[in-house]
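Heads up: the structure comes next, in structure tokens.
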Amino acid sequence: MAKHIFGFLILIGVSSFLSAQTIKTDVLVIGNTAGSIAAAIQASRSGVKTILLTETASISPILSSEDIAYLEKIQNHYTYKNNKKSSAKDSIVDRNIGLEQSSKLLKGIIDTVKNLTVIINTAVQKIEKNGKKWEVKLQDGKLVKTLVVIDGTENLAIAAKLKIDPENTLTHLNELASDNNPYMDKLFRSSIAIGYYDGHSQPGADKRSVYTLALGSLLPKDVDNFLVVPNIHLILKVLILKPIAMSVGQATGAIAAYCAFFKTTTKDLNARSIQSELLSYDSQILPFKDIKFTDPNAMAFQHIGLCGLLKIKVIKQNDSTEMQFDTVGTVSSEELRLPMKEYYSRSQIWFADHKKEKLTIEDTINLFMFTATRGEELRLEIEKNWKESFKFNNSYDPKRIISRMEFAVLADRYLQPFNIRIDLDGNLLN
């Protein structure tokens, strides 16, 4: 009897020892880069248990000027809202910060984020998939079990260890390259992060062109719940795509959090849900040159831009290409007809009888009433909320030509095209 009890106690001891050596988490982010840190911050802020692992002795990433600007936006989600609550007027968005301040700011964010554990000075010895989970053996003998792995290392060493080609993605980066306006294509609807084309190697090309990366371009083929934070990619051998590391990192963090939270895989993602999560943290997926961070209708512009209900405009300034919403522009029935038809087939009956070069406020309300099958109460509601709810500066005048800004805000509220799901190629899933 005593021998059996002794054996049982030994078994308990071994079990407890093994348990102490096993760390369970939802998301494991590996690397000491701007992208890996942004991924870890976003995953943890999205409500899942996250570990940031690096073999370096400290968290000290190299930040580009674009990373620093993006870091300001990540911090701004809290700084601006806190300042707004306390009626303080200054915000980090109004100040330029240097590399040293950025490093301190990063550490401050990491130290205060819930659900985030940082493990430094520890290398990955072995990584493999075991059923639905990844098992990562560390150099110190500990074992990490996680649902999702993000490779944010400098040279994507973890992907190489697994023989995963980081450029063999569901949406190849070559598909993002275009000499024309890329936002005329449906693929942009699944945009999730920002990058820049560097055209120095191509005669006559813009030196710097803003671009967005589609969700599918961040998903390696033939492997579930393994994500990479891409660095620099050659595009068609003449253009170089330089993703903003913190932007792409934040996107991969949101994807990983979605998989972990809903207990699903990267094969079954809801693009609109992930975009919504990013937008709720002011990621500004579409970096409109003419939209301020503090604009009360900034979310509506993102929604309508990502849906393509109003086409994004590409403008050139000083050998650079940027995107613009053109808030003061007008709206014609012809430019609306096809995108409206795709989202709301019923609207084509209205367009058949209304061909106008510039829609008025009254035309727009009539279109919405017809498309959404609403009555006169909609007209009264819009007039009542024109100033207070919609924050429009101009007065309500039904006969006045409606601006793209006003149309976007009203369309987002009453048509809600962003609520219609899309696949990774931007096709509607009705």
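Rounded to the nearest 0.05, the FRET efficiency derived from the C-beta distance between residue 132 and residue 276 at R0 = 35 Å is 0.85.
Against the empirical 2.2 N^0.38 Å (N residues), the stretch 333-419 has a Cα radius of gyration ratio of 1.03.
Sorted fewest first by neighbouring Cβ atoms within 10 angstrom, 162, 429, 53 come out as 429, 162, 53. Sequentially through the stretch 329-336, phi angles give Karplus couplings (6.51, -1.76, 1.60; θ = phi - 60°) of x, 10, 10, 10, 5, 5, 6, 8 Hz, Gly and Pro residues having no value and appearing as x. Here the 3J(HN,Hα) profile of the stretch 419-426, calculated from phi with Karplus coefficients 6.51, -1.76 and 1.60 at θ = phi - 60°, is 7, 7, 5, 10, 8, 5, 8, x Hz, Gly and Pro shown as x.
Exposure proxy for 277, 362, 128: other Cβ atoms within 10 Å of each Cβ, ordered fewest to most, give 128, 362, 277. Amide H contacts of residue 24: 145, each under 5 Å away and 5 or more positions distant or on a separate chain (H built 1.01 Å from N in the peptide plane; Pro and chain starts excluded). Using only side-chain charges placed at the Cβ, +1 for Lys and Arg and -1 for Asp and Glu, the dipole size of the stretch 370-429 relative to its Cα centre rounds to 200 debye. Cross-link list 107/137; 242/358; 107/313; 107/186; 107/391; 316/384: which exceed 32 angstrom alpha carbon to alpha carbon? Over 32 Å apart, Cα to Cα: 242/358; 107/313; 107/186; 107/391; 316/384. Each residue in 112, 117 was given a count of other beta-carbon atoms within 10 angstrom of its own, and listing them fewest first yields 112, 117. Using only side-chain charges placed at the Cβ, +1 for Lys and Arg and -1 for Asp and Glu, the dipole size of the stretch 333-419 relative to its Cα centre rounds to 80 debye.
Quick note: the coordinates plus some simple rules give every number you see, no bench work behind them. None of these values were measured; they are calculated from a predicted model. Ideal geometry is used to build each Cβ from the backbone, glycine not excepted, and the neighbour counts take in all protein chains shown.
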